[in-house]
1. Quick one: in region 65-81, of everything that is assigned to a helix (DSSP H, G or I) and surrounded by 11 or more Cβ atoms within 10 Å (Cβ to Cβ), which residue is modelled with the highest pLDDT?
2. If I filter region 82-95 for residues that are modelled with pLDDT under 95 and on the phi > 0 side of the Ramachandran plot, do I get at least one hit?
3. Within region 26-38, can one find any residue that is modelled with pLDDT of 65 or more and assigned to a helix (DSSP H, G or I)?
4. Among the residues of region 82-103, write down those that are outside any helix (DSSP H, G or I) and not hydrophobic (A, V, I, L, M, F, W, C).
Amino acid sequence: MPRANPPIPKSFSALIRKPLLLLAVLSFESCGSPQKQIPSIDVFGSYFPAWLISLAAGIVLTVIAGSLGRLINIRPSGFLSFLINVGLILIFSISVWFWFFAS
């Protein structure tokens, strides 16, 4: 009776490894390209990545939205509260990114 899963020959894995390595090298080629500028902002002489500023703004806006929600007596509890806060951080962060940094 033949085996259900015959072993893969070593030459086959070596044959697949080289094209995968070439694909990885080609996909990382543009990471250090001088034509692409890294989005960063000069803040007091040091450069901060724009995504970090967007994340901080998203967290601040989420805290403000949560405070406004508590003022009008909207208080989700438990895991739903966590999901709403994470969702608001994502929405606000991406919105700030698009409004100020995306070109």
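1. Per the stated criteria, the residue is 65.
2. Scanning region 82-95, I find no residue that is modelled with pLDDT under 95 and on the phi > 0 side of the Ramachandran plot, so the answer is no.
3. Checked region 26-38: at least one residue is modelled with pLDDT of 65 or more and assigned to a helix (DSSP H, G or I).
4. Correct list: 103 only.
The values are calculated or read from the model by the stated rules, or taken from the named source; none is laboratory data. Please read all numbers here as calculations on a predicted model, not as lab measurements. Neighbour counts run over all protein chains shown; Cβ positions are idealised from the backbone, glycine included.
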